[in-house]
1. With respect to B:Gly95, determine if the residue is outside any strand (DSSP E or B), more than 8 Å from chain A (Cβ to nearest Cβ) and within 17 Å of A:Ser100 (Cβ to Cβ).
2. Any residue that is in contact with an Asp or Glu (Cβ under 9 Å, 6 or more places away or on another chain), closer than 17 Å to B:Asn80 by Cα, among the aliphatic types (A, V, I, L, M) and more than 7 Å from every other protein chain (Cβ to nearest Cβ) - is there at least one of those in the range B:50-68?
3. Output the residues belonging to the range A:134-152 that are farther than 13 Å from A:Pro176 by Cα and either more than 8 Å from chain B (Cβ to nearest Cβ) or modelled with pLDDT under 95 (or both).
4. Could you check the range A:153-180 and list, in sequence order, the residues that are acidic (Asp, Glu), outside any loop (DSSP other than H, G, I, E, B) and either touching a residue at least 60 places away in the same chain (Cβ under 8 Å) or within 7 Å of another protein chain (Cβ to nearest Cβ) (or both)?
5. For residues that are part of a strand (DSSP E or B) and at the interface with chain B (Cβ under 7 Å from one of its Cβ atoms), scanning just the range A:47-70, find the one that is farthest from B:Gln93 (Cα to Cα).
6. If the requirement is being among the acidic types (Asp, Glu) and within 16 Å of A:Ala54 (Cβ to Cβ), which of these qualifies: A:Glu156, A:Glu140, A:Glu175, A:Glu166?
7. Of the conditions (1) within 19 Å of A:Val74 (Cβ to Cβ); (2) at pLDDT below 95; (3) surrounded by 14 or more Cβ atoms within 10 Å (Cβ to Cβ), A:Asp124 satisfies every one except a single condition; which number is it?
8. Of all residues in the range B:27-71, count the ones that are among the charged types (D, E, K, R) and either farther than 19 Å from B:Ala99 by Cβ or touching a Lys or Arg at 6+ places or on another chain (Cβ under 6 Å) (or both).
Amino acid sequence: MSVQPHSSCRCRWAGIATLLSASLLLWGCTTPWGLRRQPAAPLGIGQESRQDPALSGDGRLLASVVERGGRSTVMLQERSSGKVLPLRHLRRQQPHSSPSLSWNGRYLALVVQQGPRRQAVIEDRANGQLHPLLLPAGREPQRLSLAPDARRVALEVLDNGQARVEVFDLSGLLEPDQAPGQPVSGGGLSR
Amino acid sequence: MKPRALLAVALGLSSLLGGCLGGNLRPLQGLNLQLARGGTSHSPALSGNWLALITGHQGRDQVQLVNLSSSAPVPLLGLNRPDAQPLSITVDQRGERLALVRQREGRTELVLYRRSLQSLQAIPIEPAGVPRLVQLSADGRVLAVEVSRGGQWQVDLLTLP
């Protein structure tokens, strides 16, 4: 059975539709597709160059590369407040590049300079350990991406001048850094 | 032996050696061999069960999304175009949202791709700037974009609905 709307009902619906259209139009003018823009948290040293952004899986933390004393240095901040978080091992070994964070930001992976070579490393912020990711001679890491749960890492390596992506399992090296509520397998620590 | 076969053998051997020498890195050999056979690749992004990357074959770069369970690429209908050059790619943990910086018709643009809808949206950079690198949080809610603006590199943060 079909139900015909009553005329007063029809007017009410038309009013609601008009209001909705108007609010959608206004909303669309200010924030296309509902995007909300937010400047990156200030560094406290005025306007300066900032590159290589990386977000934790939950979007709470932002790592980026800034110039410190003429050297490209990774900086970790809370996105909402701009508060700078300490990194135990990363005051040296510049230039830093390609930071990547796990889900809760426990792990920060990046490429650093170790003597004449580029080297991929992971800092564990929970226990202060630094894990170098050792590659066979002749292969230099260029960029990397740490999986949010920290079970894998993808490295872009340069081998005889040719770029290639390789993926490695880290389950024997790191405890997982899961999103809250995710089941933990293999006896790892859920944070 | 063909160069690609040689490369695969070399990769297999070096992966084995790497496993012994490095001690802490265990290569995903099947996936790595498959990636090596596909030509050059760069700009990896891992999230959940997904690896997004840019692959180059016969002088043409394109975005590829690999399901890590099967090591197989999945279709990205409407994303790759012959007149576009991808520069940076990122994916959320569900493999649903991909954000991409690409060059097309002399312009560099930031676009958001929704895989289930096969839809592509350009995201304007405001104030005006040139995007170079993009990263999406694993939950798919925040985009961080490296932008060249007024002769300086800056980072824009965008919250997605």
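The values are calculated or read from the model by the stated rules, or taken from the named source; none is laboratory data. Since this is a predicted model, take the numbers as computed values, not measurements. Note: ideal-geometry Cβ built from the backbone for every residue, glycine included; neighbour counts use all protein chains shown.
1. Spelling it out, it is not the case that B:Gly95 is outside any strand (DSSP E or B), more than 8 Å from chain A (Cβ to nearest Cβ) and within 17 Å of A:Ser100 (Cβ to Cβ).
2. Checked against the condition, which is being in contact with an Asp or Glu (Cβ under 9 Å, 6 or more places away or on another chain), closer than 17 Å to B:Asn80 by Cα, among the aliphatic types (A, V, I, L, M) and more than 7 Å from every other protein chain (Cβ to nearest Cβ), the range B:50-68 yields at least one hit.
3. Passing the criteria: A:Leu134, A:Leu135, A:Pro136, A:Ala137, A:Gly138, A:Arg139, A:Glu140, A:Pro141.
4. Within the range A:153-180, A:Glu156, A:Glu166, A:Asp169 qualify.
5. Per the stated criteria, the residue is A:Arg50.
6. That would be A:Glu156, the only listed residue that is among the acidic types (Asp, Glu) and within 16 Å of A:Ala54 (Cβ to Cβ).
7. Just one mismatch for A:Asp124, condition (2).
8. Number of matching residues: 2.
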